[in-house]
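Data block below; observations after.
The values are calculated or read from the model by the stated rules, or taken from the named source; none is laboratory data. Remember, it's a predicted structure, so these values are computed and weren't measured experimentally. Here the Cβ is made from the backbone with ideal geometry for all residues, glycine too, and neighbour counts use every protein chain on show.
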Amino acid sequence: MEPLGDGDPRWVGAYRLLGRLGAGGMGRVYLARSDRGRTVAVKVVQEELARQPAFRERFAKEVTAARRVGGAWTAPVLDADTEAATPWVATGYIAGPSLQAVVDTDYGPLPEHSVYALAAGLVEALRVIHGAGLVHRDLKPSNVLVTIDGPKVIDFGIARALDSVTSGGLTQTGAVIGSPGFMSPEQVRGERVTPAGDVFCLGSVLAYAATGRIPFGTADSGFHALLFSIAQEEPDLTGLAGPLRDLVGACLAKDPAARPSPDDLAVRVREHAPAGGGTWLPGEVLAQLGRHAVRLLDSEDPDAVSGDLAPRAVGGAVGGAVGGGAGPSAPAVPSVPPPVVSGTPPPGHGPSGYASPVRPTVPPQPAYHSGHPGPTGPTPPTGPYPGPAPYAGHGPSWHSTPPPPVTAPYPAPNGFGARAARSARGLSLALCAALSALLLCVGVKFFVDLEISSELDEVSSSGFSGESTSLAASGLDIDAMTTASDVMLALSVLFFLPTVVLWLVWFWRVRANAEVFAPGQVRYHPAWAVGSWFVPIVCFFMPKQIVNDVCDRSDPTSSSASWYGPRRSGNRGLLNGWWTLWLTALVGWWITGEPWYEDGTVGDAEGTVALALFTDLLTVPASVLAILVVLRLTSLQEDRIRAGR
């Protein structure tokens, strides 16, 4: 890692930059920390790309999609501002060297059992990425980080935003996007890249990890010779043998249709991968990971000051945080204020770029991005800000009077990040009481409908033709029977409405808690936790997908990941039973339509009442299972909240 230069910002959004991790086609990547101390990697887009409207639109879509990917095998997207003058995205920082550094510098080619473990982790990462509708397109050793718990994939999906820059930018139609030596034939030819392209790149990465060299050409091969080798020649798999050679060879098939899918690969590597933990790495690499983590903990704010406002030295603390060596001395105080991305000046910082000894006392304000809770935003100063004004049209001007302080307390963290999970026990008890009342009402309605059905049946069995006899000529007390039906209908609506309201509030709460437990791993925007129940067709599948994610992320036994991804909760059977009955009852309610007394004949009325009885019978067990689901999910989250404290 390099220290920050004079042209680098000191803050990006709410994140204090510590040093520069690297640069690429998209922009620069920095090591940073949030106000609450979380270490993150912040990628700032190049200014040339930021001026392209098409790129901005695609970048925003990719960031939204990438939020769903964060999990066991990838770096989660934590925060982003795609509308800033210079767009940026913050991901979880993974404290581990790249596979390229391990193979080229720290250790050398990995043993076979480590390569199989690497394959298992990368296959699971691709399954998650492809499942979110993304294609990595640049899977290479420098984008694979090595940790004790397995490999982690970074920089996924965002590279697709470059496709939108088709004129006046950096990329033209048919241009090659990717890293030489780890590209697929489709990329070389400038064709559309599918998930099969990532499988080809996976084969190249595994060959490199096992042999220490790329399977096509050499490090000294010219660019065009390397591309020709990838597109036309067979890979050099010398040093690979047995099932591992067959596995890598299958991934490197020229025809995308001939390559195995990630699901097929998961089956093939499962029997060879080690049990997990740190046993997948050689001892020398484990020792290097420990030293890497210690250096990260020692990294300091490069512009922090002591009591006499003298700047701290950057050497060793920041320069050695990732790279492994001592960095150069801290640069002199710049003569111009350091830039601030997104137009949000840091609290207590003036033109010098160094911290003021007096910190503002305005309470921190929560920041939200696309429905995902993010870190606390920077605290505005108590007076006019003397530093540079924000970018035009982006954010408030700090030369004017700042907004009044927030008086409401911000929820304290409980071990799950910037925003605390909130107990849903009170809501669950109220909801269960409402469901119980509704269940009692449905039970009474069932017996009323049963009595009406019995009287209609007596008319049909007394010699009248039920199919043709009108209700008015049946001799039944239609007025009394109608009154009884209307009363039960009114009572059902009376109990049903508050139940719906409590259900939606409880469902939104447990979905928000699950997001705290596992950021970015619960499907769909939080608003869909309420809206999905009211959209036709969508209500048949989306709420179930959300509740599946909530259950899996709330269950401590399933929130941890195995070598093959996050486990499913053991409560899925309860959820499936409840959902099946709920959908069946919902269809019955829709089919029932008008009340029985709106039918013209006794026979038609009998059919309507029979359907109502069937729906009542389904509603009773569906309500019971709904109560059990509410109690179970609430209990799981209560356990997680207590454990977080």
Taking first residues from region 222-249 that are at positive phi and second residues anywhere that are at pLDDT 90 or above and of a type outside the set (S, T, N, Q), the pairs with Cβ under 8 Å that are 6 or more apart or on different chains are 239/109; 239/210
Being under 15 Å from residue 184 (Cβ atoms), touching a residue at least 60 places away in the same chain (Cβ under 8 Å) and of a type outside the set (Phe, Trp, Tyr) narrows 207, 257 down to just 257
Of the conditions (1) modelled with pLDDT of 85 or more; (2) in contact with a Gly (Cβ under 7 Å, 6 or more places away or on another chain), the single one that residue 67 does not satisfy is (1)
Next item on the list: Answer yes or no as to whether residue 459 is at pLDDT 75 or above and among the β-branched types (Val, Ile, Thr).
Entry: no
Test residue 578 against the stated conditions and say whether it is free of Cβ contacts under 8 Å to residues at least 60 places away in the same chain, surrounded by 15 or more Cβ atoms within 10 Å (Cβ to Cβ) and either on the phi > 0 side of the Ramachandran plot or not β-branched (Val, Ile, Thr) (or both). yes
With the first residue restricted to region 6-31 and required to be closer than 20 Å to residue 142 by Cβ, and the second required to be among the small types (Gly, Ala, Ser) and surrounded by fewer than 17 Cβ atoms within 10 Å (Cβ to Cβ), Cβ contacts under 8 Å at 6 or more apart or on different chains are 20/5; 28/22; 29/22; 29/23
Region 6-87: strands (runs of 3 or more DSSP E) wholly inside it with 3 or more residues that are under 22 Å from the mean Cα position of the chain (by Cα) are 27-33, 39-45, 77-81
Going through region 129-140 in order, the residues found to be surrounded by fewer than 24 Cβ atoms within 10 Å (Cβ to Cβ) and of a type outside the set (D, E, K, R) are 130, 131, 132, 133, 134, 135
When restricted to 629, 602, the only residue at pLDDT 80 or above and surrounded by 15 or more Cβ atoms within 10 Å (Cβ to Cβ) is 629
Does at least one position in region 61-68 carry a residue that is within 22 Å of residue 126 (Cα to Cα), out of contact with any Leu (no Cβ under 7 Å at 6 or more places or on another chain) and among the hydrophobic types (A, V, I, L, M, F, W, C)?
yes
Exactly one of 605, 612 is assigned by TED's automatic domain parsing to the domain that holds residue 487, touching a Phe, Trp or Tyr at 6+ places or on another chain (Cβ under 6 Å) and not polar (S, T, N, Q), and that one is 605
Considering residues that are in contact with a helix residue (DSSP H, G or I) (Cβ under 8 Å, 6 or more places away or on another chain) and modelled with pLDDT of 90 or more, the number found within region 108-140 is 18
The residue that is surrounded by the most Cβ atoms within 10 Å (Cβ to Cβ), considering only those in region 80-128 that are over 30 Å from residue 60 (Cα atoms) and charged (D, E, K, R), is 106
Residue hits (region 522-542; under 17 Å from the mean Cα position of the chain (by Cα) and either over 17 Å from residue 68 (Cβ atoms) or of a type in the set (Val, Ile, Thr) (or both)) are 522
Given (1) surrounded by 21 or more Cβ atoms within 10 Å (Cβ to Cβ); (2) in the same structural domain as residue 266 (by TED's automatic domain parsing), residue 11 misses just (2)
Restricting region 486-529 to residues that are of a type in the set (A, V, I, L, M, F, W, C), buried (at least 18 other Cβ atoms within 10 Å of the Cβ) and outside any helix (DSSP H, G or I), the one modelled with the lowest pLDDT turns out to be 518
Considering region 607-645, residues that are in a helix (DSSP H, G or I) and of a type in the set (Lys, Arg), and then whichever is farthest from residue 594 (Cα to Cα), we arrive at 642
